[in-house]
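Notes follow once the structure below has been shown.
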Amino acid sequence: MDYLSVIAIKYFLFAVISTVLNLSSQYFSFLIYVDFGSLYVAMTIGSFVGLVSKYFLDKKYIFHHAPKNNRNVKIFILYVLTGVITTSIFWGTEIGFDVIFKSEVSKYIGAIIGLGIGYIAKYFLDKKYVFKECVL
């Protein structure tokens, strides 16, 4: 198996792990808070958990990034900024499915689809703008 295939498989597995963490966080958020705006609270918590877990996995195992100085904060900020773009895809899809289909399961299906599309876009954004000095 060639190097790019291994990276693609790892990236896919890390996206699955982050998606499970994101959706689990949302689920537990709904158990704790079910009042006004609970979907948005849950999506925010899930996005944070998914973003942080995916950052550490991508940094170490996909882009093999080991900063030599204080650049780790700058890299994380860039990672978050690309995450804002892809999170809008995820949130838009999840909210859209929730509004259109009005079922408990539909929001999670929308989230999975949105996260899948977002993670594909995020890989290319991160490769080009965040971890651009890393060899892939």
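Cα convex hull, the chain: 105 Å³ per residue, rounded to a whole number. Label-to-label distance, residue 68 versus residue 109, with points set 7 angstrom from Cα along the beta-carbon direction: 5.2 nm.
Would you calculate a helix-derived [θ] at 222 nm for the chain, using -39,500 (n - 2.57) for each DSSP H run of n ≥ 4 and dividing by the full residue count, to the nearest 500? Let's see the in-between values first.
Numbers: 4 runs with 103 residues, N = 136.
That comes out to -27000 deg cm²/dmol.
The calculated FRET efficiency for the pair residue 24 and residue 132, based on their C-beta separation and a Förster distance of 30 Å, comes to about 0.40. Once you have a ≥ b ≥ c as the square roots of the Cα gyration tensor eigenvalues for the range 52-114, tell me rounded if a/c is under 1.5, and otherwise prolate or oblate according to whether a/b is larger than b/c. Since a/c reaches 1.5 and a/b is larger than b/c, the shape of the range 52-114 is classed as prolate.
Here the range 73-125 and the range 1-34 have alpha carbon centers that stand 12 Å from each other.
Computed over neighbours whose Cβ is under 14 Å from that of residue 97, the net charge equals -1, Lys and Arg +1, Asp and Glu -1. Site pair residue 77 and residue 48 shows an inter-label distance of 2.0 nm when each label is modelled 7 Å from Cα along Cα→Cβ.
Less than 11 Å Cβ to Cβ from residue 119, Lys/Arg counted +1 and Asp/Glu -1: what total charge do the surrounding residues give? Cβ neighbours under 11 Å give a net charge of 0. Each Lys or Arg adds one and each Asp or Glu takes one away; over the other residues whose Cβ falls under 12 Å from the Cβ of residue 129, this sums to +3. Using a cutoff of 8 angstrom between alpha carbon atoms and counting only pairs six or more residues apart, the relative contact order for the chain works out to 24 percent.
Determine the alpha carbon to alpha carbon distance for each of 54/102; 10/74; 10/107; 68/122; 10/59 and list only those over 19 Å. Violating the 19 Å Cα-Cα cut-off are 54/102; 10/74; 10/107; 68/122. If the Kirkwood radius is taken over C-alpha pairs of the range 15-82, then at 10 °C and 1.306 mPa s the Stokes-Einstein diffusion coefficient equals 121 µm²/s.
Rule-based calculations on the coordinates, nothing more; no lab input. Keep in mind that this is a model prediction, so the values were computed, not measured. With ideal geometry, Cβ positions are generated from the backbone for all residues, glycine too; neighbour counts draw on all protein chains shown.
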